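Heads up: the structure comes next, in structure tokens.
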Amino acid sequence: MAVMELDRIPLDEVLRYLGAAGRDPGPLLPLAEDCAGELLQTARPRWTWRGFGCDVTPEGVRLDCGFLLPGRDLAGHLAGCREAVLLAATLSPGVDALLRRTQLSDLSRSLVLESCAAAAIEEVCGRAGEIIRESYPGRSFTSRFSPGYGDLPLTVQGEFLALLDAPRRLGLCATGSSILTPRKSVTAVIGVGEPGVESIPRERGCGSCSLRETCAFRRAGTSCKANKEE
């Protein structure tokens, strides 16, 4: 387990989650700055990871410990990989408590805090990914792919967390309905391939986004990336 000192939340990412990318944010910017500062004071980010050998099969990705991550989507994402990394990260229960309090008192501020939290956990995962890549010098990597995206079911969360000893190491658990708690947390799979494997996708997408289940862009049939590029 590693504790991460988070000293910044990218405001451009916060504004992107709020649908204000590429536009004059007006009074939204100082509100985002204030919310980001409050969240930084509250968050206590922690993360852990573990690497496995893997076989990509038509049924999914089977780790060398015997655990099957089922689904064609993940199998396609990790095509060409012989190793997989399981990653878990959380912002801490304090962030969940902050979000709950703010939802009761100021709905507009709570929406901005939600976007700050999404940008913050993305920052944690991004920095964790850099450290993980240093452990595999010269290798190629996929982008992250999280349970609940595509046909990789949320029901893998319990065993996923157990393999990482995340309940003990991070205080990160899954409910009976496979929802992570603390809520502002991420689990993800990263494929590790040989150098120069051209087919490995590297762009971040909905599969790694902590807002994917409540995203207004996805409900409208688009994405925040598409919105940013308009």
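The values are calculated or read from the model by the stated rules, or taken from the named source; none is laboratory data. What you see is a predicted model; the values in this text were computed from it and never measured. Don't worry about glycine lacking a Cβ; one is built from the backbone with ideal geometry, like all the others, and counts go over all protein chains shown. Calculation scope for accessible area: heavy atoms of the full protein, side chains included, ligands and nucleic acids excluded. Shrake-Rupley method; radii C 1.70, N 1.55, O 1.52, S 1.80 Å.
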Gain upon complete extension [residue 181, residue 79; 0.36 nm per residue less C-alpha separation]: 33.7 nm
Based on Cα coordinates alone, diagonalise the gyration tensor for region 86-207, multiply each eigenvalue by 5, take square roots, and list the semi-axes in whole Å, largest first. 28, 17, 13
Counting only the backbone N, which residues of region 133-165 are under 16 Å from the spot 7 Å out from the Cα of residue 64 toward its beta-carbon? 136-137
From the backbone phi of region 61-68, what are the Karplus-calculated ³J(HN,Hα) couplings (6.51 cos²θ - 1.76 cosθ + 1.60, θ = phi - 60°) in whole Hz, Gly and Pro given as x? 10, 9, 7, 5, 8, x, 6, 9
Probe 1.4 Å, heavy atoms of protein chains only: per residue, the accessible area of region 79-149 in Å² is 37
Direction-averaged shadow area of the convex hull around the Cα atoms of region 6-72, nm²? 7.5
Space enclosed by the convex hull of the alpha-carbon atoms of region 31-119, per residue, Å³: 131
With a 1.4 Å probe and all protein chains kept in place, how much accessible area does residue 9 have, in Å² rounded to the nearest 10? 10
Quick one: pull the percent of accessible area on region 32-184 belonging to carbon and sulfur, 1.4 Å probe, ligands and nucleic acids left out. 50
To the nearest 20 debye, what charge dipole does region 80-155 have about its Cα centre, counting +1 at the Cβ of each Lys and Arg and -1 at the Cβ of each Asp and Glu? 60
PRE reach from residue 34 (point 7 Å along Cα→Cβ): which of region 4-21 fall under 17 Å by backbone N? 15
For 151, 96, 7, give me the order by solvent-accessible area with a 1.4 Å probe, most accessible first, ignoring ligands, DNA and RNA. 7, 151, 96
Length added when fully stretched, residue 155-residue 100, from 0.36 nm per residue minus Cα-Cα: 17.3 nm
Calculated from backbone phi, Karplus (6.51, -1.76, 1.60) coupling profile of region 134-140 in Hz, x at Gly/Pro: 5, 7, 10, x, x, 8, 9
